[in-house]
1. Show the residues, 5+ positions off or on another chain, whose built amide H is closer than 5 Å to the amide H of residue 57.
2. In the structure shown, do any of 64/122; 55/95; 47/81; 81/106 have a Cα-Cα gap over 26 Å, and if so which?
3. Taking the Cα centre as origin and putting +1 on Lys and Arg beta-carbons and -1 on Asp and Glu beta-carbons, what dipole magnitude results for region 69-116, to the nearest 20 debye?
4. Working out 0.36 nm times the residue gap between residue 35 and residue 81, then minus their Cα-Cα distance, what length gain in nm do you get to one decimal?
5. Under a plain spin-label model, where a point goes 7 Å from the Cα along Cα-to-Cβ, how far apart in nm are residue 73 and residue 42?
Amino acid sequence: MSASVPLLQDPLSLSRLLESLQVSFESNIIMSEIQNAMALLISNFEKYAGREGDKHTLNKAELKELLQNELGEMLGKATDKAAVDCIFNELDSNKDNSVDFEEFGKMICCLTVMCHEYFIGKK
């Protein structure tokens, strides 16, 4: 994902971006709507990650809980074991039996694009 975004290829630029986001988040500085969305994604991922192990990844049970609690309406079948298994296997692109934030982010991005396409189709 980061290979196509020049800002993310420069460690110094990325570091400055992350420091700015962290300072804004921790200091309760008013952030833009996109910065707020980024902070919410990070905090929601962290809320579920590590409940049963590595605090930087989601295992299948943690992913299932996140899907049910945060995206239940959108994903209707998040309670179906076969559906959760399928989602988990699709997200776990490096096949390490966990979902890291980058893999989670790809799902959120994909769902957001699908929602956008749905809404522009409704106009």
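Every number here is computed from the coordinates shown, using simple stated rules; none is lab data. Small disclaimer: the values here were computed from a predicted structure and weren't measured. Here Cβ is always computed from backbone atoms with ideal geometry, including for glycine, and neighbour counts include all displayed protein chains.
1. Hits under the 5 Å cutoff: 50.
2. Working: 64/122 30 Å; 55/95 18 Å; 47/81 22 Å; 81/106 21 Å.
Violating the 26 Å Cα-Cα cut-off are 64/122.
3. Numbers: 4 positive and 10 negative charges, 32 e Å.
With only Lys, Arg, Asp and Glu charged at Cβ, the dipole is about 160 debye.
4. Working: separation 46, 0.36 × 46 = 16.56 nm, distance 3.38 nm.
Once the chain is fully extended between residue 35 and residue 81, it gains 13.2 nm.
5. 2.7 nm
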